[in-house]
Amino acid sequence: FLVSFTVNKKHLCSNHPSITSTNSPHLSLHSSLAEMVFDGHLSFENIEHMAKDFGGRYRFMPSAVLNPKSVSDISSIVKHIFQMGKTTELTVAARGHGHSFEGQAQAHGGVVINMESLRVPEMSFHTGKLPYVDVSAGELWINILHESLKHGLAPKSWTDYLHLTVGGTLSVAGISGQAFQHGPQIDNVYQLQVVTGTGEVVTCSEEQNSDLFHAILGGLGQFGIITQARIALEPAPKKVTWIRALYSDFAVFSKDQEHLISSENSFNYIEGFVIINRTGLLNNWRTSFSSKDPVQANQFTSEGRVLFCLEVAKYFNLEDSDHIDKDIDTLLSDLNYVQSTLFLSEVSYVDFLDRVHVSELKLREKGLWEVPHPWLNLLIPRSSIHQFTQEVFGNILTDTSNGPVLIYPVNKSRWKNGTSMVTPEEDVFYLVAFLSSALPSSTGKDGLEYILTQHKRILNFCGRSNLGIKQYLPHYSTREEWKAHFGTFWEVFSQRKSIYDPLAILAPGQRIFHKQR
Ligand code: FAD
């Protein structure tokens, strides 16, 4: 239907302490957009929420928000802006669940496309030797999990949190504890449908338009808007044994992690995290895990220490019940964790995969979910990880981490080549994720400024010491930094941009390319 046109006077998000940009440079262009006809609708008002993200630090107001009901809605608006050429600075940001951190899904004065309103096609499952599901790119992974399980199937590779969209995670990579075995989510996609920066709708896969396919996967939204994805599935297990064990020595911890990711018959999920100066840690675990050795575990203190926790999981079905404990014992017998700190829990597959949502609900109750999240995600080559942990956990983060710090290795030799994701050069590298939350009005060690300064110290150390790291979910402000991030891949990346989005209309919030008038 035809959208009635009203100029939104509220182009600013007031009373927000973070980086807020106000004046829209594009008011004169509203009328041309307002005359367009869509299956869904284009809104110019009540769109402030589209200038928010999980990071909570950047707020760039768009001029309009498109709630598409068809792929042609997305194609029409991109084509329209493309055809206006250099007469407009208007840009377009696809927004999944808005769970990025630095305004990546925002478009200052541009059009935000609310991908979650695109509900076509309905999820369609194909069983057989290589099962898969076709989904709309605005679909949340949690919904795909629930629907797949009705067919006894599930995707192979996940993120730790499932309330993210397919388009959002395929634009970055999608890494979790299954990536050592299956690669990130971008390695588990058979086909995509994409709207490029010229408005063209293209189907791509390894066999068809493969250059675009590779460009899009991990491409930070630069080459097209993913509208549909064909996701690889596998038979889903019913149950999971979820295990945690502590280490006080990083060398022993990382040796065990690396052993596990390279073994043939290993756990199905391998991660780990750092514990900095926590009290009552094992007591907290007792509500959901049982200790193998409760008496000894009682004696163990975590206070004032840096500890490393191995977190692994083994999937199983009821018919495996008679041997699963033995299989797990065999795997654990190779490891050198502090014996009294072994904790196990048996949960359903869904409860395991959706575990972060439980924390979300608790944090929401306390008003601690919608706070600034200055997250820093790094990929660190194996050869640098010891130097990194020594400095970071020995000198920089010594009192507290202000949130979980994940640390686990993956083996790139099992990953596909050719996507847009940039990783360190070595085969084995670690994901180290500082998942900090800041208290909005604090000026102390739990405040935003303090946390950002810590992250800067970490990055400066990595740069000074030439550790060969790459940022995951990268965020830079200058072209030089982006070039350094992509390294030798920059030529290909920027060439692809000139082919698939020649006017730099798409994903302006990544701040890699800028639309010129
Ligand atoms: P958005 O934030 O909406 O968008 C992110 C970027 O992708 C933007 O540039 C946007 O323009 C672009 N984009 C969105 N949809 C499309 C589309 N259809 N086509 C093209 N471009 C598009 N990541 C991991 O890898 N592993 C984890 O374990 C993990 N855990 C997380 C836990 C939490 C609590 C949070 C908040 C994030 C986590 N992330 C993790 C990061 C997350 O995967 C990324 O931030 C992801 O991009 C967010 O998805 P989204 O749907 O919210 O995307």
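Computed over neighbours whose Cβ is under 12 Å from that of Arg517, the net charge equals +1, Lys and Arg +1, Asp and Glu -1.
When restricted to Cα atoms, the chain yields an Rg and a Dmax of 23.3, 73 Å, respectively. Placing +1 on the Cβ of every Lys and Arg and -1 on the Cβ of every Asp and Glu, with nothing else charged, gives region 124-235 a dipole about its Cα centre of roughly 220 debye.
Per-residue ellipticity at 222 nm from helix content only, as computed over the chain with -39500 (n - 2.57) for each DSSP H run of at least four residues, stands at -7500 deg cm²/dmol. Each residue of region 239-472 gets 143 Å³ once the volume of the Cα convex hull is shared out per residue. Think of the chain as having a plus end and a minus end, set by charges on the Cβ of Lys, Arg, Asp and Glu; of Phe289, Gly509, Tyr269, Gly509 sits farthest toward the positive end of this dipole.
What list do you get for Glu360, Glu139 if you sort them by fewest beta carbons within 10 Å?
Values: Glu360 15, Glu139 24.
Lowest to highest Cβ neighbour count: Glu360, Glu139.
For the residue pairs Lys362/Lys470; Lys255/Lys416; Lys150/Lys314; Lys366/Lys456, the C-alpha atoms sit more than 27 angstrom apart in Lys362/Lys470; Lys366/Lys456.
With a ≥ b ≥ c the root eigenvalues of the C-alpha gyration tensor of region 124-235, is it rounded (a/c under 1.5), prolate (a/b larger than b/c) or oblate? Prolate, since a/c reaches 1.5 and a/b exceeds b/c. Ordering His514, His146, His485 from the fewest to the most neighbouring beta carbons within 10 Å gives His514, His146, His485. The residues Asp329, Asp53, when put in order of fewest to most other Cβ atoms within 10 Å, stand as Asp329, Asp53. If the reach is capped at under 15 angstrom between alpha carbons, list the aspartates and glutamates near Lys79, excluding any in the same chain fewer than eight residues apart. Within the straight-line limit of under 15 Å, Lys79 reaches these aspartates and glutamates: Glu35, Glu89, Glu200, Asp501.
Each other residue within a Cβ distance under 13 Å of His455 adds +1 if Lys or Arg and -1 if Asp or Glu, for a net charge of +1. Taking the centroid of alpha carbons for each part, region 309-323 and region 372-410 are 29 Å apart.
Each Lys or Arg adds one and each Asp or Glu takes one away; over the other residues whose Cβ falls under 13 Å from the Cβ of His485, this sums to +2. Cα centroid separation, region 247-290 to region 440-517: 30 Å.
Taking N as the number of residues in region 25-106, what is its alpha-carbon radius of gyration divided by 2.2 N^0.38 Å?
1.10
Each part gets one Cα centre, and for region 96-111 versus region 134-159 those centres are 24 Å apart. Amide H contacts under 5 Å for Leu473: none, restricted to partners 5 or more places along the chain or on a different chain, H placed in the peptide plane at 1.01 Å from N.
Values quoted throughout were computed directly from the atomic coordinates according to the rules given, and no laboratory measurement underlies them. All values reported here derive from a predicted model rather than from experimental measurement. Backbone-built Cβ (ideal geometry, glycine too); neighbour counts: all protein chains shown.
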